[in-house]
Each structure stands twice: as C-alpha cells, then as structure tokens.
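Peer 1: Structure provided below as structure tokens; questions to follow.
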C-alpha cells in the first residue's frame, strides 16, 4: 500500500484539504490515507468545521505522498519552526508533495521549493509569492507538476491536481473513474486558468 | 444570523459535506454553521477522514438551513429511526433543507420529500429512487430547487447547489465572490447534467 498524509493546521481551508482527500481517500485498494498536525486531535478550518488529525508531527509514520492545504492559517504558521521542520522531513522522505492554494507559500518557507517551479492561489498572488523569493513561480497554471512537488492554484484547483496525480501514479482509468463517480467536471489541462486572467496576472489577450 | 446545521452519519461522502460547507462556512458575517450527528464527536467518512459533530440530535439547536450529505452510509441508515425522526423534525423547522448525492434517498425515507420534485446521484440512480417511491424524481438535473427542499446530484453537484442557494438567500454577488475566491468554475444552470447522459438516464440526442 502507498501511504498519504495530509497536514492540518489551524485555519486551513476546508476544501483545499477535502477536495483532494475525496479523490485519494476513495482509492481504498491502493492507498492508505491519514491526517497529521502539530498535535493529534481536532483542528478547526476557516469554514468552522473541525477535522481530526490522527497523528502528531512526533508520532506520524513516513508517507509516500504528502498533501498540504492552504488557507488563512498559512500566514499565521509562516514562522512555526515545528511545522516547517516537519515539512522538511516529510518532503525528504516523500515521493510526491502536493500543495493547494497558499499551501505552496507555507511550504516555500521551509526552503524545499527553492529553485522549483510552483504555483499558488491567484487572488492573493503577491502575498503568497513573497514567501518564497527563490521559487520559480508560474502565474498562469491550474497546477504545476515539477516532479516531486506538485502545487496547485486556489481551493478548487486541488481537485484537478489530485486527479492528475492519481493519473500519474495509478493510471488514467483510475482518475477518470473518480471524476465520473464524483460527477466532477475535471480540468485535465494544467494550463487552464481563467483566474490568472481574472486577477490580471496575465494579459487577457494571451488566452 | 442565519443558522446552518450539517447532518453527519458514518460513511458519509466527504466532498458531499465539505464542498457545500466550503461555501456556506466562508459566509462568516451572515451565517452560523455547525455539525450534528446521532452522537456528538468524530464521525468517519467513507474517505477515512473524521469530521467532528458538534451536537447530537438531542442537543442540537434549531436550524434555518439543513445540509444532508450522501454516501455509502445512506443505505446503512435507511431504517435508523432516530436519524429519520431528526430529519423530520429538522425539516419541519427549517426554511431550506439541502441534500447532496444519495442524501436525497435517505431524506426520502423520512417521508418529507413525498410529492416533491427532487434529484439524486446518477451512478446509483435506481437504487436511490427506490427509497422514495412517492417522490417526483428528476433524472436530468445538476440540482432541483423545489422551494423548501433543494436536492443535488452526485458529490460535486453539491457545490453548484450551494452556490445557487447562496444566490437565493444572500444574492448573486455573494455567490460570485465565493466562486471566484475558491477558483471554482460554477455551473449556474441546474439543467447542466452530462452525468445523466453518461449513465443512460436520458437519450444522448436530447442534450
């Protein structure tokens, strides 16, 4: 079994976490999924829903796949060395580390994205990219696959990224089946990004 | 403040719950949101993520809006009289009761959907509609707004339904802002339903 650990922190964005977990968590035959946070127990999202972290950073097993959501909490956690240390350790061990929304801004604080191509959410682009001055930020992208690190744009983009990672790891049929089962209109093109244009990050005429 | 209660049960579908809650939970100025289940405490989704129910059926306050997700657990709960009684009571008090996916099949067991127009998920259509023989089931619909009861198709359809209800209660601007913030390509047309065609519920030529 391949293992996936999703990292929670106070004021994470609910759908950043739950969108990809809907996809990964449904792959019961091939994937063990669990949750981890600084302390085990309930963690409150910005949307006022509490999700349980099964493991603390100290007791978490190693994971093949890591998922880091974003949200308002990313900016409160930017100097949390316990979290940044955990992200460094987990990234070193993992095959693929995924982020959603401002999760890439938080991950970039740990240094592991330096020199890598990455994207982040488009509504708070400047605030996010300032967190990682050595990252090669890509302004127009639903998600960016840089091999070990796969980063996605805001909130809903995490579902498209998750399906792309499912396709890469488990095949196109597995990803298509998930999209059909969840009645999700999957954006399969990582360059599809109307929100980059909406927020003026690329000229309208380029699209 | 308007209140919303989301009803959890074992083996609920994570995104059925979390997609709409992303939208509703972000409306902090106008909406109190919380969770309720037979017993307060963690409830495990089919995707192996535990969400905390803040209230039990016995201690839950009254809600203006009610959200019932679907998932495999709906079929285990079909004869759970405590749950069905709670759904009857909550429906009587609420202004709007929303379901996602097979949540409408479960709600129909309580009788409150009798004579109403409703939809449900398309992959398990026959199994779902059999639960409510007196419901006027609509096979081709992303969601159906029957006034008090708003029912949506499978999993992802809950996000479109939630935005439609946000538009109805709080205005089109509020709904558009949420879609933009979450970088969600909102399907605004309740008749948009490629999955009904995919599963052979309507002739291909009709679309």
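Every number here is computed from the coordinates shown, using simple stated rules; none is lab data. Source: prediction; values computed, not measured. Neighbour counts run over all protein chains shown; Cβ positions are idealised from the backbone, glycine included.
Peer 1: Please work out which residue of chain B brings its Cβ closest to the axis of the rotation superposing B onto A, and round that distance to whole Å.
Peer 2: Taking Cβ atoms only, the nearest residue and its distance are B:18, 2.
Peer 1: Counting each pair of different Cα atoms once, what's the Kirkwood radius of the protein assembly as shown in Å, rounded to one decimal?
Peer 2: This gives a value of 21.2 Å.
Peer 1: Still on this structure, please answer the following. Averaged across A:12-18, how many Cβ atoms of other chains sit within 10 Å of each residue's Cβ atom?
Peer 2: 6
Peer 1: Roughly how large, in nm² to one decimal, is the mean projection of the convex hull of the alpha-carbon atoms in the range A:27-68?
Peer 2: Result: 3.6 nm².
Peer 1: Counting just the Cα atoms, what span does chain A cover along each of its three principal axes? Round to the nearest Å and put the largest first.
Peer 2: Over chain A, Cα extents along the principal axes are 51, 40, 33 Å.
Peer 1: Determine the distance separating the Cα centre of the range A:47-123 from the Cα centre of the range B:93-127; give it in Å without decimals.
Peer 2: For the range A:47-123 versus the range B:93-127, the Cα centre distance is 38 Å.
Peer 1: With the cut-off at 21 Å, report for the range B:1-74 the share of all Cα pairs above it, as a whole percent.
Peer 2: I get 19 percent for the Cα pairs in the range B:1-74 exceeding 21 Å.
Peer 1: Taking a point 7 Å out from Cα toward Cβ as the label site, list the nm distances between residue A:2 and the same residue in every other copy, smallest first.
Peer 2: Here residue A:2 shows inter-copy label distances of 4.1 nm.
Peer 1: For B:20-31, what's the mean count of beta carbons from other chains sitting within 10 Å of each residue's beta carbon?
Peer 2: Mean partner-chain Cβ count within 10 Å for B:20-31: 4.
Peer 1: Springs between alpha-carbon pairs under 10 angstrom, Gaussian network model over chain A: which of A:159, A:23, A:181 fluctuates most?
Peer 2: Looking only at A:159, A:23, A:181, the biggest GNM fluctuation is shown by A:181.
Peer 1: I would also like to ask the following. Could you give P(r) for the range B:58-104, binned at 5 Å from zero, as whole percent values over all Cα-Cα pairs?
Peer 2: Final binned percentages: 5, 21, 30, 26, 17, 2.
Peer 1: Something else now. Output the direction-averaged projected area (hull surface divided by four) of the convex hull of the alpha-carbon atoms of the range A:89-200, in nm².
Peer 2: 6.7 nm²
Peer 1: What does the average come to when, for each residue of peptide A:145-157, you count the partner chain Cβ atoms lying within 10 Å of its Cβ?
Peer 2: Mean partner-chain Cβ count within 10 Å for A:145-157: 2.
Peer 1: In Å and on Cα atoms, what radius of gyration and Dmax does the range B:97-138 show?
Peer 2: 8.6, 24
Peer 1: Can I ask one more? Would you kindly work out the equivalent ellipsoid of the range B:145-207 from its C-alpha gyration tensor and give its semi-axes, the square roots of five times the eigenvalues, largest first in whole Å?
Peer 2: 24, 14, 9
Peer 1: Please report, for residue B:72, the nm distances (one decimal) from its label point, 7 Å out from Cα along the beta-carbon direction, to the equivalent points in the remaining copies, shortest first.
Peer 2: Distances between equivalent label points, in nm: 3.6.
Peer 1: Starting with the highest mean, order B:66-74, B:11-19, A:30-38 by the number of other Cβ atoms within 10 Å, averaged over the residues of each peptide.
Peer 2: With the highest mean Cβ count within 10 Å placed first, the list reads B:11-19, B:66-74, A:30-38.
Peer 1: Taking the label point as lying 7 angstrom from Cα along the Cα-to-Cβ axis, what are the distances from residue A:134 to the corresponding position in the remaining copies, in ascending order and in nanometres?
Peer 2: 6.9
Peer 1: Could you quote the convex hull projected area for the range A:52-137, Cα atoms only and averaged over all directions, in nm²?
Peer 2: In nm², the orientation-averaged hull projection of the range A:52-137 is 5.5.
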